[in-house]
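The values are calculated or read from the model by the stated rules, or taken from the named source; none is laboratory data. What you see is a predicted model; the values in this text were computed from it and never measured. Because the Cβ atoms are built from the backbone with ideal geometry, glycine has one as well, and the counts that use them run over all protein chains shown.
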Amino acid sequence: MHFPIAPVSKPGTGAIHLRFFLAFLPQFVVADSAHKATAFVLLGLIFIFNGALWCLGVAAFAARATGRIGQSAPALLWINRALGGLFVYLGTRVAMLQAR
């Protein structure tokens, strides 16, 4: 199975993430350590691993919730009604803005 690598954030925000890690991680690295670079890499990998676990948990929850809601006809009816009402509201707002 092939998983394409896609940017998680908007282009140009990578420097912000880099600055965050450069400001946040040093407090967890011993100043006298001989392997500071290894500590930074290890902490970064731990952060990525924890983030991946969180995202997998959210995805599993969303998949399960979608399956349960998809089996419930009344829930689907109310979701369709709510989204239809939202589209009517937004369409009315656009029409009112264009009327000005």
Q.
Please determine whether any residue of the stretch 32-50 is surrounded by 10 or more Cβ atoms within 10 Å (Cβ to Cβ), at pLDDT 85 or above and among the polar types (S, T, N, Q).
A. yes
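Quick one: would you say F20 is over 15 Å from the mean Cα position of the chain (by Cα), part of a helix (DSSP H, G or I) and modelled with pLDDT under 80?
It is true that F20 is over 15 Å from the mean Cα position of the chain (by Cα), part of a helix (DSSP H, G or I) and modelled with pLDDT under 80.
Counting only residues that are assigned to a loop (DSSP other than H, G, I, E, B) and among the small types (G, A, S), which one in the stretch 1-17 is modelled with the highest pLDDT? Let's see the steps before the verdict.
If we filter the stretch 1-17 for residues that are assigned to a loop (DSSP other than H, G, I, E, B), which is where we start, we get 1-13.
This time we only want the ones that are among the small types (G, A, S), so: 6, 9, 12.
On the way: A6: 53, S9: 54, G12: 58.
By that ranking, first place goes to G12.
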